[in-house]
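Comments concern the structure below.
All of the numbers you see were taken from the coordinates with simple rules; none came from a lab. Keep in mind the model is a prediction, meaning the values are calculated, not measured. Ideal geometry is used to build each Cβ from the backbone, glycine not excepted, and the neighbour counts take in all protein chains shown.
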Amino acid sequence: MMSAEFALPDADREPVLDAVRHADEVQVLRELLPLARLSGEENNFVQGRGELILDALRNSRRHGGGADALFAAFPLASPAGRALLTLAEALIRIPDIQTMDRLIRDQLHAADWQQGERSPSLLVNLARRGLIAAESWSESRPGEALVRFALRRAMRHMGEHFVIGEDIATALAQRVPGFSHSFDMLGEAALTEEDAERYSEGYAKALMVLAEQGGAIGARSPCGISVKLSALHPRFERRQRERVMRELYPRLLALATMAREAELPFTIDAEESERVPLTLALFKRLLAEPGLEGWDGLGLAVQAYLKQAPRQIDWLIAQAAAHRRHITVRLVKGAYWDSEIKRAQLEGWPDYAVFTRKYHADASFLACARKMLRADDTLYPAFATHNVFSALAVHAMAGGREFEFQCLFGMGEEMYRLLRGHGIDRPCRLYAPVGRHAALLPYLVRRLMENGANQSFVHLLLASGDSDTATLDPVAASVQQPARGIALPIARHAHPPVTPGIDWSDETALAALARALATQPAPQHAMPMLASGTPEPGPVLFIANPASPSQAVGTMQTASPADIAAACQTATSFAPLWSALPTAERASVLECAADLIAAQRDALLPLLCREAGKTLPAALGEIREAADFCRYYAREARRQWPERMPSALGPVAAISPWNFPLAIFVGQIAAALVVGNPVLAKPAEETPLTAALAVRLLWQAGVPHAALQLLPGGPEVGEALTRHPAIRGVLFTGSLPAAQAIHRTLAAGDARRPLIAETGGMNAMLVDSSALPEQVVQDVLDSAFDSAGQRCSALRVLCLPAATAERITHLLRAAMRELQVGDPCRLDTDVGPLISADALSRVSAALRGFIEQGQPVHQAPLQVEQGHFMAPALVEISHLARLPGEIFGPVLAVLRYRHEELPGLLAELNARQYGLTLAVASRCPSFVEQVAAAVRVGNVYVNRNQIGAVVGHQPFGGERLSGTGPKAGGPWLLWRLLRNADPCGEPANPTAAHPAQPTLLRLARERGQDAPLHPAITSLFQRSPLAQRRELPAVVGERNVLAYRGRGVVGCVARTIRETLLQTATALATGNRVCLPDTADNVAIQAALPEYVVLSANLDEAPLDALLWDGIAEPDLPRRLAARAGPIIQPVLPDAEGDYPLFRLLTECVTAINTAAAGGDAELMGKGVTAPPEPPHGDRAV
């Protein structure tokens, strides 16, 4: 039975708030602007005092030496600003000297410290001179120590500017005269239960110390506490609602009771928008607690940048009145704007939860403030702002009503002293963080980001001499520009939009999904789906639910040899008709298919959960990916061949795996169809039902039945299909042995038939001690255990530096215990089942092998009694050779390394010959470059998880033992599905002349081949895209780059010296080295090019990565290549004009970088939003 219990009962829902969560920005503004608009009297008050206060504040801050003056001199959007931000985030917490010095060198050399105007601040100018000197000193041994000492002291001093003390006693001693205080114990989001307990104890201790101070009078007490709910539970998220209510609420109530008994202010902090519904539910329960009656110290922070903020204020007023309570509401602007934008784009939300323009959020602040001031019978208002306009406006609106200002310690004191000097004597409370310097870093970076953001009041104040800029009326600005400042979350500049997703904290969306999943679907049946005729009766197999093996999801009838023969004959007859259709017509069919797949989400989700064991988020991701493949290949076909397309191959076999039964299945089919090839699709025998539904949707979209036929069954169906002479190419994703078997089958016939194979990987993550441990652990959990580790891209071996390995391993083991293993149809499940009993047996055997070797294995107890489940396992290995190969399940190996062992470790990883994904976690660009250069893989991920490649954003596929290329979801795959086609047909960007080119031309002249070879060789080097770097679409806070590199060593086999020279030039133009047969003619070539050419007496045994073949010499060469162990090497033959396709000798490498890893998106925050921008990083060469 489908689990639909994740939908909230109507009594627990807040539909008024849900309705505006993703509302249109213009509509929300239209509702709030009347409240935000100042009256004539209020406006006169603001304008009359604003300029005087601004001038005084600007003068004070510009001549000071604080962080705001520093970032005015080195803006966030500049290399210098980003370097300072990285140093502030990482330097203090790095435990080893080697990594500290590396980080300092990398960051100091990343910027021009002399650039920019002279600052009015003497300290800032001294800092600039110091940084210029440090850049050169960091290169010398004596200078390193001095620079390291100075920068660590500077970063620590910067942290002390924003943090009041390392413990509550110190904080009390450091209180700022004239201000009240709310102490935040720097409780960042808990990753483990240990974290939550420690943070909870810290809050409790602080409450006890404050209680001993005496003099507390509730909301207006001089000292209070601010609490982050994410610090009190490791899974504070909507998907874990039941657990949060059961486990977090008692902790929260205990702390609130302590505060109530001491009459202390106790405010719940605001966090990300996804946590807001859960926060409000917990706050509502507190309001109903009898033990908290008669206490006005209970408070909640509301973020004005949320579109639902005005309605949150209404809700709080209504709740306070209903429970007859007086509460405190702290109104803030909001601290997570950049991450809110990124999250919405990643998840494909219908719209942003936040305003996308700063002045829209400022207008919302004023509207909320007016609502709060009018509700003084139930609320004690607190307004947190560093903006002079906002503060003066609130004061003017309040009249004689009581309220307090609030500001951040180290950021707002000067402004509020100036306000008092101008007769605005309102109480002000400092939000004062307390904690160790290592714990303050995320908070510190967030404060620096806020100060340095181009649209922040502080930045405008210091960067502009014009008071109007800093006192801009947000209402007037919003009226002038009411539209959103960033395109919708699913939009991508110059690319198709991504398929919409689900906000898993949106109760409206969850309720609709629950209704769709509540009905038990009838068992389904998959059978051969042929264009004509009736399938022959054949064996019928039951398809079981891997989470509940006794439950039949449906049945499958296996395709018979006669069915396969009939399908091949139909496809062969239809191939000319399908390829003759205009490209635009085939593309339109795929676009229609994308819409249908997205529209059938509610039918596909339960099927993916029950047949493939997908968790709900994983199933949704697969549906989005399948639709994205259709749109992407349709768009690429239109773009690359607006008029005439090269000839199609003919019938293509698409053999897909069970771990992505929809996305890979549809992706293979879409790519082949759009370039004119009929497809015979063979899905995995474990997941034929999803495939059958996908084919029905593609047929419904307009794909002719003769262009797409389904042949379900086991390996015997795939073998028969690939042996059939009608098959002109194969798309395959699966195991390496199966891919090698297909290669041998194809090589026995026409060697020109392509095999595009994607196999597995021994995927590693390399971490250095500059990486943030908590961030590493979260990325590891996603990479290793999502989909129960049943992804080709999944992390298999985590390589940790000795300096931080103990801490990260401890954190990781504790965080693994928080993962929920169980029914994938439940919203709270993190890890679903393995696909079958055989799969479970294989992974269990691998774990037993580790135990027998004496390698420590850590695994939480399994709470599920039936199904093919396994709790995530961590294995500590002593060296890489302990890994038996790819373990396709939730098993992660952890290997520790010392600094001096890194080069050897990288060489050993590369020598394993797998080349799919690689992750690097570091704040040191040189470390990232060192790792990425040493380990050849298809997809590199920097400071993020290494799964979930997005179609068109991160084309996916490996090399060597991990696949043949081209990449799925990339620009070259369609070319491989055509005859005599090469995307490198036109001159590429100018490339530095290859040193071998003149020698090749000389050799051609000496052998009388100058006339035919001179233009050909020259063209090869001009057309090579080797030096190109292509920026791909990306969400904010991310950068995706596609680059090319040679495959390695290319063998050349030809009958004539002319062809051998052409092959040699082709290989060298694409960045490869050359291996030639040891003949007299080839000896001369090797002697002329000794750096690039080697000779071999037997190419069959030579270490090759690719091979060029003229198709004449050594006719049995394809069969010999297929018989080799190791990577799949298909010979590259010339086209009808005698040219070898350059792209076959290149591998595509995609690097995906989390540019917000150091605490926020410095680029987005630094630039600000002043006009509707295009989404960043369009498809352009750089």
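If a/c stays under 1.5 just call it rounded; otherwise compare a/b with b/c (prolate if a/b is bigger, oblate if not). Do that for region 657-749, with a ≥ b ≥ c from the square roots of the Cα gyration tensor eigenvalues.
Oblate is the answer for region 657-749, as a/c is 1.5 or above yet b/c matches or exceeds a/b.
Among I664, I53, which comes first, second and so on when ranked by fewest other beta-carbon atoms within 10 Å?
Ranking I664, I53 by Cβ neighbours within 10 Å, fewest first, gives I53, I664.
In terms of Cα to Cα distance under 15 Å, which aspartates and glutamates are near enough to K682, apart from those fewer than 8 places away along the same chain?
D563, E716, E719
Output the Cα-based Rg and Dmax of the chain in Å, rounding Rg to one decimal and Dmax to a whole number.
32.0, 102
What's the ranking of 673-685, 1123-1135 by average number of surrounding C-beta atoms within 10 Å, highest first?
Highest to lowest by the protection proxy: 673-685, 1123-1135.
Between E1031 and A476, what is the label-to-label distance in nm when each label sits 7 Å out along the Cα-to-Cβ direction?
Here the answer is 3.5 nm between the modelled labels.
What list do you get for E212, E1059, E247, E929 if you sort them by fewest beta carbons within 10 Å?
Starting with the residue having the fewest Cβ neighbours, the order is E212, E929, E247, E1059.
Quickly rank 947-956, 526-535 as a protection proxy: mean count of other C-beta atoms within 10 Å, highest first.
947-956, 526-535
Normalised by the number of residues in the chain, what is the relative contact order in percent for Cα pairs under 8 Å and 6+ residues apart?
For the chain, the relative contact order is 12 percent.
Past 26 Å, Cα to Cα: identify those pairs from K284/K307; K284/K358; K333/K371; K205/K228; K205/K333; K205/K342, in the order given.
Correct reply: K284/K358; K205/K333; K205/K342.
Classify region 754-894 as rounded, prolate or oblate from the Cα gyration tensor: take a ≥ b ≥ c as the square roots of its eigenvalues, call it rounded if a/c is under 1.5, otherwise prolate when a/b beats b/c and oblate if not.
rounded
On each of the three principal axes of the Cα atoms of region 763-814, give max minus min coordinate, whole Å, ordered largest first.
So the extents along the principal axes, rounded to whole Å, are 31, 20, 14.
For a Förster distance of 56 Å, can you work out the FRET efficiency between the beta-carbons of R639 and M208, rounded to the nearest 0.05?
0.25
Measure out, as a whole number of angstrom, how far apart the alpha-carbon centroids of region 1076-1137 and region 302-318 sit.
With region 1076-1137 and region 302-318 each reduced to a Cα centre, they are spaced 70 Å.
Rounded to the nearest 0.05, what FRET efficiency do E852 and E193 give with R0 = 35 Å and r taken as the Cβ-Cβ distance? Could you check?
Taking R0 as 35 Å, the efficiency between E852 and E193 is 0.65.
State, to one decimal in nm, how far the label point of A56 lies from the label point of E806, with both points 7 Å from Cα in the Cβ direction.
Going by the 7 Å Cα→Cβ label model, 5.4 nm.
Of F266, F785, how do they rank once you tally other Cβ atoms within 10 Å and put the fewest first?
F785, F266
Using 7 Å Cα-to-Cβ label points, what is the Q551/R1055 separation (nm, one decimal)?
Spacing of the two 7 Å Cα→Cβ label points: 6.4 nm.
Taking only Cα atoms of region 997-1150, what ratio of Rg to Rh do you get with Rh as the Kirkwood inverse-distance radius?
1.01
At a Förster distance of 41 Å, what's the computed FRET efficiency of R324 paired with A860, Cβ-Cβ distance as r, to 0.05?
About 0.35, to the nearest 0.05.
Can you tell me which of 488-496, 82-90 comes out highest on packing, and rank the rest after it, using the mean Cβ neighbours within 10 Å?
Per-residue mean Cβ counts within 10 Å order the peptides as 82-90, 488-496.
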